[in-house]
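Note sheet for the following structure.
Every number here is computed from the coordinates shown, using simple stated rules; none is lab data. Everything numeric here is computed off the predicted structure, so don't read it as measured data. With ideal geometry, Cβ positions are generated from the backbone for all residues, glycine too; neighbour counts draw on all protein chains shown.
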Amino acid sequence: MISISKVLLDDDLSLCSPLARVLFIGILYKYNCDEINVNSFRRIKAEILPYDDCDMFLLFEELAKNGLIHRQDVDDEYFESGFYVTDSEYFNA
């Protein structure tokens, strides 16, 4: 279960743009685990931000820059294996 108070009051998340914050919260709720093995920006966009005209690559970069996610690079392919949320405490009630 997600700790909503921890997510909403997170200092690192507050540094992100509104769409990046929505994306991060959507990731937490949609996947409900600390490791996400989806390597398609298009699929994640369709599931979390279907109506927003945005660059998913830039949003993921913003989340990574602020320490909220960590990408896994395999064979120089960006997000080949996916990414993980850096703080597993988001998932403790």
- Query: Tell me, what HN-Hα J-couplings in whole Hz come from the Karplus equation 6.51 cos²θ - 1.76 cosθ + 1.60 at θ = phi - 60° for each residue of region 45-62, using x for Gly and Pro?
  - Reply: 4, 5, 7, 10, 10, x, 9, 9, 8, 8, 9, 4, 4, 5, 5, 5, 4, 5
- Message: Through the Karplus equation 6.51 cos²θ - 1.76 cosθ + 1.60, θ set to phi - 60°, convert the phi angles of region 4-21 into ³J(HN,Hα) values in whole Hz; use x for Gly and Pro.
- Response: 4, 5, 5, 5, 5, 9, 5, 4, 5, 5, 5, 7, 8, 5, x, 5, 5, 5
- Between C54 and L15, how many nm apart are label points set 7 Å from Cα along the C-beta direction? 1.8 nm
